[in-house]
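Undergrad: Before we start, here is the structure in question, set down as structure tokens.
The values are calculated or read from the model by the stated rules, or taken from the named source; none is laboratory data. Please read these numbers as outputs of a predicted model, since none were measured by experiment. Please note: Cβ atoms are built from the backbone with ideal geometry, for glycine as well, and neighbour counts cover all protein chains shown. These area figures cover heavy atoms from the full protein model, side chains too; ligands, DNA and RNA do not enter into them. Shrake-Rupley method; radii C 1.70, N 1.55, O 1.52, S 1.80 Å.
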Amino acid sequence: MLTYEEYLRRVPKVELHCHFEGTVRASTFADLARRHNVELPTEEVGKLYEYDTIYEFLKIFAMVSSTLIVREDFARAAYESLADGVELGNLRYREMFFNPTLHTRRGIPMATCIDGLIDGISDAEADFGVRCRLIADVYRQDDPAVARQMVEEVLEHRRPELIGLGMDGAEAPDPPEKFVEAYRLAGRNGLRLTSHACEDAPAQNIVTCLDQLGCERIDHGYHVLESPDVTARCRDEGIYFTCCPTSTAVVYGWPDLSAHPIKDMVGAGLRVMLNSDDPTMFHTDIGQEYMRLCTALGYGTDQVRKFVLAGVEAAWLDDGERAAMRSSFTAQLDALEAELDGDRPGTAPGPGTGPGPGTAPEPGAVSPPSGRGAA
Ligand code: ADE
Ligand code: ZN
């Protein structure tokens, strides 16, 4: 018999919102820093990933990046990242972001970065059967010309594993229209398009991403709910949202997952799938994201199945690959559900009935990163 938490860990998963640099193990970060003489703010590995705001987070993210120097560093970290996803959450397929300019601006050749990542993901596929494709991310704090040049370089070093363009960084100060040119260039050259939007900025950013950048998916998207029109449009057009419970709980102030906007996004009929964002840096993993959110919101197996299969539908697979993954995942979900013990949500109070005032914290409640140990 399986407990509900074991079931949530073991359901097969697709992840479409996960930043390579934010998946580096703290121990690997420390090891690479030692090797390459990068000075760290603390000797204590368990304290490396401590921050309170997105801006502090992004500084550490850049520091992690600065320890990736040679092709083998990228390969090692990518391999470990996928191994962790498989072990901790039965990850089967990931489309993984990386930030080229955080590396190229330090003099690391684009080829070192891309080839190293592909070495790591190929080895992980050989060892664990997990597949991974890459999405180059525009870093919002870069100039538009830097982003455009990044896309040019990515296209010069293009390999079949590199399938898309995305965008991250702090959203509020740098809106998406800044990067129309980079997106148009990528789109014209056949890269698939997505962007972080509405993490901490208004719903209009989603409209810009869809209409001006040509995005097919939206990463995060929580503030969509502030506009009934944009919400209705996204629902009607079947836009997929790649949501990340813990990371946004931590840096954007929804520490109680039972009150996270994901609940209302699902309630509004939007297509949502779950991701770990920067798992090691947020002291989480893809298995825990399912466990925390689904237990906090009382989601039963039907909603879990919806999250899992939304990942399959939203992935940039060809039709044959998608059909094969859909049927394999469905068979695995059926088998896991058959193994479940009787104690599971979805039969008692359903979604939308989070704890009232004064109740004990839900298992999904998230504390700030400084209160946690290293992943
Ligand atoms: N870069 C890495 N993770 C990010 C996030 N959650 N938001 C914005 N930029 C990021
Ligand atoms: Zn992200």
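Undergrad: Using a ≥ b ≥ c from the Cα gyration tensor of segment 208-274 (square roots of the eigenvalues), is it rounded, prolate or oblate, where a/c under 1.5 gives rounded and otherwise the larger of a/b and b/c decides, a/b for prolate? Walk me through the numbers on the way to the answer.
TA: Working: a/c = 2.02, a/b = 1.59, b/c = 1.27.
Prolate, because a/c is 1.5 or more and a/b exceeds b/c.
Undergrad: Which of ALA62, ALA145, ALA78 ends up with the largest GNM mean-square fluctuation for the chain, with Cα atoms connected below 10 Å?
TA: ALA145
Undergrad: Let me ask another. If we count GluC sites (Glu not before Pro) as exposed when they sit in a DSSP loop and have at most 12 other beta carbons within 10 Å, what is the longest stretch of the chain that avoids them all?
TA: No qualifying site falls inside 45-375, the longest such stretch.
Undergrad: Highest GNM mean-square fluctuation, the chain, Cα pairs closer than 10 Å: which of LEU40, LEU191, LEU274?
TA: Residue with maximal mean-square fluctuation among LEU40, LEU191, LEU274: LEU40.
Undergrad: Here's another thing I want to ask about it. Please compute the per residue accessible area over segment 166-209 with all protein chains in place, 1.4 Å probe, rounded to a whole number of Å². Don't jump to the answer; show the numbers that get you there.
TA: Working: 1410 Å² over 44 residues.
About 32 Å² of surface per residue is accessible.
Undergrad: Of all accessible surface on segment 4-339 at a 1.4 Å probe, what whole percent is carbon and sulfur? Kindly include the intermediate steps, with their values, before the conclusion.
TA: Details: 5600 of 11710 Å².
Carbon and sulfur together cover 48 percent of it.
Undergrad: What figure in square angstrom, to the nearest 10, would you give for the accessible area of VAL86 with a 1.4 Å probe?
TA: Spelled out: VAL86, probe radius 1.4 Å, area about 30 Å².
Undergrad: For the chain, with a Gaussian network of springs between Cα atoms less than 10 Å apart, report the residue from PRO261, PRO109, PRO173 with the top mean-square fluctuation.
TA: Among PRO261, PRO109, PRO173, the largest mean-square fluctuation in the Gaussian network model of the chain belongs to PRO173.
Undergrad: Under a straight-distance cross-link criterion of Cα-Cα below 16 Å, which lysines are reachable from LYS306, leaving out those fewer than 8 residues away in the same chain?
TA: Cα-Cα hits under 16 Å: LYS13, LYS263.
Undergrad: Using only the alpha carbon atoms of the chain, find the Kirkwood hydrodynamic radius as the inverse mean reciprocal pair distance, in angstroms to one decimal.
TA: When all Cα pairs of the chain are included, the Kirkwood radius is 20.7 Å.
Undergrad: When we measure straight from the Cα of LYS59, which lysines land under 24 angstrom away, once same-chain ones fewer than 8 places off are left out?
TA: Answer for LYS59, where 24 Å is the Cα cut-off: LYS47, LYS178, listed by chain and number.
Undergrad: With every protein chain kept in place and ligands, DNA and RNA left out, what is the accessible area per residue of segment 240-340? Probe 1.4 Å, answer in Å². Present the calculation step by step, with values, prior to reporting the outcome.
TA: Numbers: 2900 Å² over 101 residues.
Here the residues of segment 240-340 average 29 Å² of exposed surface.
Undergrad: Ok, one more. For every helix of n ≥ 4 consecutive DSSP H residues, a contribution of -39,500 (n - 2.57) applies; sum these over the chain, divide by its total residues, and give [θ] at 222 nm rounded to the nearest 500 deg cm²/dmol.
TA: Numbers: 15 runs with 168 residues, N = 375.
After summing the helix terms and dividing by residue count, I get -13500 deg cm²/dmol.
Undergrad: If you don't mind, there's one more thing I want to ask. Along the charge dipole of segment 246-303, which of TYR252, ALA296, PHE282 sits closest to the positive end, that is, farthest toward it, with unit charges on the beta carbon of Lys, Arg, Asp and Glu (+1, +1, -1, -1)?
TA: ALA296
Undergrad: Are there cysteines in the chain with no other Cys C-beta under 4.7 Å, and if so, which?
TA: Cysteines lacking a close Cβ partner in the chain: CYS18, CYS113, CYS132, CYS198, CYS234, CYS243, CYS244, CYS294.
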